[in-house]
1. Would you calculate the separation in nanometres between label points at residue 314 and residue 344, each defined as 7 Å from the Cα along the Cα-to-beta-carbon direction?
2. So if we plug the beta-carbon distance of residue 8 and residue 337 into 1/(1 + (r/R0)^6) with R0 = 51 Å, what FRET efficiency do we get, rounded to 0.05?
3. So, with +1 on the Cβ of K and R and -1 on the Cβ of D and E, and no other charges, what is the size of the charge dipole of the stretch 83-172 about its Cα centre, to the nearest 20 debye?
4. Please give the length that would be gained between residue 35 and residue 247 if that part of the chain were fully extended, namely 0.36 nm times their separation in residues minus their C-alpha to C-alpha distance (nm, one decimal).
5. Do you know the relative contact order of the chain, to the nearest whole percent, from alpha carbon pairs under 8 angstrom that are 6+ apart?
6. From Cα pairs below 8 angstrom and at least 6 apart in sequence, can you work out the relative contact order of the stretch 248-347, rounded to a whole percent?
7. Determine the gain in length on full extension of the stretch residue 68-residue 296; use 0.36 nm per residue of separation and subtract their C-alpha separation, reporting nm with one decimal.
8. Accessible area per residue of the chain at 1.4 Å probe, in Å²?
Amino acid sequence: MSQLVPDTPELSEFYKRLPDYSLAPLWTVLSSLITPVPVSRCQPAHWDYKKVRPLILESGSLITAKQAERRVLILENPGMPGESKITDSLYAGLQLILPGEVAPAHRHSQSALRFIVEGSGAYTAVDGEKTIMEEGDFVITPSWTWHDHGNDSTEPMVWLDGLDIPLVSMLDASFFEKYPDDLFPQSRPVGDALARYGSGLLPVGYEHARPTSPVFNYPFAKTRKALEQMKLADEWDPCHGLKSRFVNPVTGDYAMPTMATHMQLLPKGFESETYRSTDATVFSVAEGSGKSTVGDQIIEWQRRDTFVVPSWTEIRHFPATESYLFSFSNRPVQEKLGLWREKRGED
Ligand code: GTQ
């Protein structure tokens, strides 16, 4: 409470009468409502895949994908236990789908992204088109599209789910529907969207009505090749190395309206300069190993790990080997609201 607010018996007595009228004094809470810099319960945190993988696989022996609807272990921020949040506005989880399983079709107003962590050959189907997923692929399920997941391969698949669940809850705009059958009927061949919209071409007269990219799988093979080629120019951003934004090819905007997604390449031995921004960010290590300092913590990461950087927290990366980091945050929302800020270098 502000030093200036008096603490008198009259005020205490006054405060006691207010709740009956659904009223409260601003002056006792103002400084915690409007803070000079972002203040969050979100903490820097790290999920070591080596340690969580056995638990993910154990869940596979205890419940089927169909029984669970989605068999996911939620990555809960240690500063917000029990709230199903990895940051204040975003949800993340590790989803397992075993050979022969189906996670039945449903749709929801929350947008989802998948970043494939382990496995090869399982699929996600979105509104009648399947895409086959490989490690490092970034796959989108736009808001209110029917989607089911299945695994016709011979190995388990695990991916990182990123959803805007807390944001949609805050806006009180959640809708959900189950499809009557397990699978939504297929109406287009595999690879159609990527060929049609993700090849530097657009069908003549094409108009895109949705705020989400019509491309719903950005294969790692393609993304990696692009960054590999860019590496030859030897132009590195001091804070980010080589960092590229996944875009909606129709508009050039972010691929998703509520979540920014990026892939960055950090060369071996790079030492990034201090950086901070207002979008708390979730990282997944696609390739390589190293460490990052996040605020006063040191996070030692390797391939398949997940870590989270809270809003306005200083980060520096120290890759030990050439590394590819996928990341997502609520940056598009903050930019559209005029709230997003970044700071390069130290104070
Ligand atoms: O795959 O549709 O992690 O609906 C949470 C909710 C995944 C999904 C999650 C979901 C999904």
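1. Result for the modelled spin labels: 1.7 nm.
2. Values: r = 40 Å, r/R0 = 0.78.
Here the calculated transfer efficiency is 0.80.
3. 160 debye
4. Extra length from residue 35 to residue 247 when fully extended: 73.0 nm.
5. It rounds to 16 percent for the chain.
6. 40 percent
7. 78.3 nm
8. The answer is 49 Å² per residue.
The values are calculated or read from the model by the stated rules, or taken from the named source; none is laboratory data. All figures in this text were calculated on a predicted structure; none of them were measured in a lab. Note that we place each Cβ from the backbone using ideal geometry, even for glycine, and neighbour counts take in every protein chain shown. Calculation scope for accessible area: heavy atoms of the full protein, side chains included, ligands and nucleic acids excluded. Shrake-Rupley method; radii C 1.70, N 1.55, O 1.52, S 1.80 Å.
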